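Taking it in order: structure first as structure tokens, then the write-up.
The values are calculated or read from the model by the stated rules, or taken from the named source; none is laboratory data. This is a predicted model, so every value here is computed, not measured. Glycine gets a Cβ as well: all are built from the backbone with ideal geometry, and neighbour counts include every protein chain shown. Ligands, DNA and RNA are excluded from the accessible area calculation, which covers all protein heavy atoms including side chains. Shrake-Rupley method; radii C 1.70, N 1.55, O 1.52, S 1.80 Å.
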Amino acid sequence: MFPLSLGDHVVIRFLSAIPVFCVVACLGTGVATDARAESRDERRQRNCAHYQEMSARALASIGEPNLTPEFLKDSNAFIEAGCLSNKPACPSTEADFAFADLMIMMSVSANMGSTFTPFRCPVEEQSRAN
């Protein structure tokens with residue numbers, strides 16, 4: 001399932017995060033109990049706060065030193081922008097991909113959807129021409 005070059009410690013940390021992932025996902029599925037409907041901005045703010053918590057747990061699981069500085073900077077910039085940044089966080093190493101995969105799984109399980117995350121790599125113009 002995981003490439004051998006990823007290293008046992010990263011794989012073990014990734015797999016050990018699955019129970020945390022389940023708990024975080026369950027915490028994020030609460031239903032609004034007051035009579036008024038939640039506005040789009042309120043939902044985004046709630047999702048962003050929840051996403052920030054999930055990110056901290058995923059970082060603890062994967063290990064911040066294992067991520068590339070650029071990927072980590074872009075991922076954190078998304079949170080600092082209130083989860084509204086259009087700048088992509090492009091994973092480039094196996095640890096970056098493990099973090100992005102974990103965050104996407106947690107986001108989907110928390111009913112935020114996979115498109116909530118900033119993880120994507122821009123297509124270069126030269127590639128489009130081919």
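Data table
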| read-out | value |
| --- | --- |
| Index of the failed condition, residue 107 passing every other in (1) open to solvent by less than 50 Å² (accessible area, probe 1.4 Å); (2) within 12 Å of the chain's Cα centre (by Cα); (3) among the small types (Gly, Ala, Ser); (4) modelled with pLDDT of 95 or more | (4) |
| Index of the failed condition, residue 78 passing every other in (1) out of contact with any strand residue (DSSP E or B) (no Cβ under 8 Å at 6 or more places or on another chain); (2) touching a residue at least 40 places away in the same chain (Cβ under 8 Å); (3) not β-branched (Val, Ile, Thr) | (1) |
| Residue match in the stretch 54-73 (condition: assigned to a loop (DSSP other than H, G, I, E, B), open to solvent by 20 Å² or more (accessible area, probe 1.4 Å), farther than 13 Å from residue 118 by Cβ and of a type outside the set (A, V, I, L, M, F, W, C)) | yes |
